[in-house]
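See structure below.
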Amino acid sequence: DAQTQTREEVAKRTRNLQEATSAKKLPRITIPFPQFRLTFRTRTLLFVLFLIVALTFAKTGLDLFLAASALEKAQNSLLAGNFKNAGAEATSAKKSFSAAYNKVRILIFPLGLIAKQQAQGLSALFEAQTKTSDSLAYFSRGSQILGNDLKIITHPEAKNNGFDLETPASDFKKAYVLASQAVKLLEVSPKVNLLASRVASAKEQLARFAKIANSAHELANLTANLTGNGKDKTYLVLLQNNTELRPGGGFIGNFAQVEFAGGKLKNVSVEDIYTIDGNLAEKIEPPAPLSEKLGLDRLYLRDSNWSLDFGANAKTARD
């Protein structure tokens, strides 16, 4: 009985303790957080910064759109032979790309701290487009000036206004160098799947354009040398018959004289070879085969290419 009474008391005390514990309210725990109250000046400053960044992104996008559009127009004008318009569009594209490039360098600066290689790739991509536009501008101007030079050269009645063969040669050289630099820059451009095909196509087109610019540079230099660089120059042209072979080519049936005076084409004349050979008073000893096989007692212009050496034949014909 004593044990039963003891158990009942323990159970009663336990119930009382549980009821007291459940009824008791636990204290509220609060964690203090610092409260920031932005002043009007701070809010204004943040808004201005946000507006500047937003406008910078918008202006960069606009510059890129205008640059790409102008570059495409420059390429189309160049293919159509409208060099003046191509040069103007290429110059406009260069300005837009340069403006976008200056902003992008600032915008990608934080990226460079995290991913330096990607930032350098993006920068190289924009710089390549700028150099491409500049290359097209130089090539267009050189083509326009060279076209004017060729018109003056081939039209004796044309005035020498603007005759200049040095500028196009320099412009074509600059176009070649800039296009080659753009190709190198595209090689380090970002390896993004979205841009991979376009970058590869741009590299291929620029490589071909660089070769064309180099050939144009050589053509400008050749034109200057061909016309005598402003001095008088005369060429002897030998027209050979490939059905009657000779050691230096074919039988010389006709000859022509091409004369330049002051860089302009003065005269082109073509005559029968026997016309001038009939006026040859000096008796020149012919090579042994001509004397033995053809029974010739003297050497004429028509037989001046009897050597396998082109230089020797040219000297003999000129003399």
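The values are calculated or read from the model by the stated rules, or taken from the named source; none is laboratory data. This one's a predicted model, so the numbers in the text were calculated from it and none came from an experiment. FYI the Cβ positions are ideal-geometry reconstructions off the backbone, even for glycines, and counts take in every protein chain you see. Keep in mind that these areas ignore ligands, DNA and RNA; they rest on the heavy atoms of the full protein, side chains included. Shrake-Rupley method; radii C 1.70, N 1.55, O 1.52, S 1.80 Å.
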Keeping to the range 276-304, report how many residues are part of a helix (DSSP H, G or I) and surrounded by fewer than 11 Cβ atoms within 10 Å (Cβ to Cβ). 3
Among the residues of the range 265-275 satisfying the criterion of being open to solvent by less than 80 Å² (accessible area, probe 1.4 Å) and β-branched (Val, Ile, Thr), which is farthest from LEU236 (Cα to Cα)? THR275
Condition check: open to solvent by 40 Å² or more (accessible area, probe 1.4 Å) and either touching an Asp or Glu at 6+ places or on another chain (Cβ under 6 Å) or over 28 Å from GLY228 (Cα atoms) (or both). Does GLY311 satisfy that? no
Of these, THR56, THR4, THR44, which one is over 28 Å from ILE212 (Cβ atoms), of a type in the set (Val, Ile, Thr) and modelled with pLDDT of 70 or more? THR44
With respect to LYS84, determine if the residue is at pLDDT 70 or above, open to solvent by 100 Å² or more (accessible area, probe 1.4 Å) and assigned to a helix (DSSP H, G or I). yes
Could you run through the range 139-180 and say how many residues are part of a helix (DSSP H, G or I), aromatic (Phe, Trp, Tyr) and surrounded by fewer than 24 Cβ atoms within 10 Å (Cβ to Cβ)? 1
Tally up the residues in the range 201-240 that are in a helix (DSSP H, G or I) and either more than 18 Å from the chain's Cα centre (by Cα) or of a type outside the set (Ser, Thr, Tyr) (or both), please. 24
Could you grab me the full set of residues in the range 213-260 that are among the β-branched types (Val, Ile, Thr), touching a residue at least 12 places away in the same chain (Cβ under 8 Å) and open to solvent by 50 Å² or more (accessible area, probe 1.4 Å)? THR234, VAL237
Residues of the range 58-89 being hydrophobic (A, V, I, L, M, F, W, C) and under 21 Å from ASN148 (Cα atoms), which ones? ALA74, LEU78, LEU79, ALA80, PHE83, ALA86, ALA88
Residues being of a type in the set (Gly, Ala, Ser) and farther than 18 Å from ALA99 by Cβ: count how many of those fall in the range 60-87. 5
